[in-house]
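Here the structure comes first, spelled out in C-alpha cells, and everything after it is commentary.
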Amino acid sequence: MFYVYVLRSLKDGKRYIGFTSNLERRLSEHHSGLVSSTKNRRPLELIHSEDFLIKHEAEAREKFFKSGQGRALLKQMNL
C-alpha cells in the first residue's frame, strides 16, 4: 500500500504534501523532527491522506497536489 498525505503546520499554517509506503513511520519521522523540510514547522497535524495499491498512482497524486490545480483543490476542500 502507498499513501499520499497532507500535513498542516500548527506553527505557521502551511501545508506539507508527501508520499510514503509506511504512513505511521513517516508521520513519526515528521513528529520527531527527522524530516528536514518540516522539523522547524512542528507541531504538525495530518489533515488528509489517500491510499493506493499502485506506486506510480500515488506518485502521480502527490505530484498533482503539488501543482497549482492540486493546491486549488486542497483549498477548495478546506485543507
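Only one residue in S36, S49 is hydroxyl-bearing (S, T, Y), at negative phi and either part of a loop (DSSP other than H, G, I, E, B) or loosely packed, with under 12 Cβ neighbours inside 10 Å (or both). Which one?
S36
With the requirement that a residue be without any contact (Cβ under 8 Å) to a residue 60 or more places away in the chain and under 17 Å from M77 (Cα atoms), what does region 14-64 give you?
The answer is K14, Y16, I17, E45, L46, I47, H48, S49, E50, R61, E62, F64.
Go through region 1-33 and give me each residue that's surrounded by 16 or more Cβ atoms within 10 Å (Cβ to Cβ) and among the polar types (S, T, N, Q).
S9, T20
Just one of the numbered conditions (1) part of a helix (DSSP H, G or I); (2) in contact with a strand residue (DSSP E or B) (Cβ under 6 Å, 6 or more places away or on another chain) is not true of A60; which one?
Single failed check for A60: (2).
Just the residues that are exposed (fewer than 14 other Cβ atoms within 10 Å of the Cβ) and either outside any helix (DSSP H, G or I) or in contact with a strand residue (DSSP E or B) (Cβ under 7 Å, 6 or more places away or on another chain) (or both), please, taken from region 67-78.
Within region 67-78, S67, M77, N78 meet the criteria.
Every residue in region 44-70 that is more than 22 Å from M1 (Cα to Cα) and more than 14 Å from the chain's Cα centre (by Cα), please.
G68, Q69
Laboratory data are not the source of any read-out in this text; all were calculated from the coordinates shown. Note that the structure is predicted; figures quoted are calculated from it, not measured. All Cβ positions, glycine included, derive from the backbone under ideal geometry; neighbour counts span all protein chains shown.
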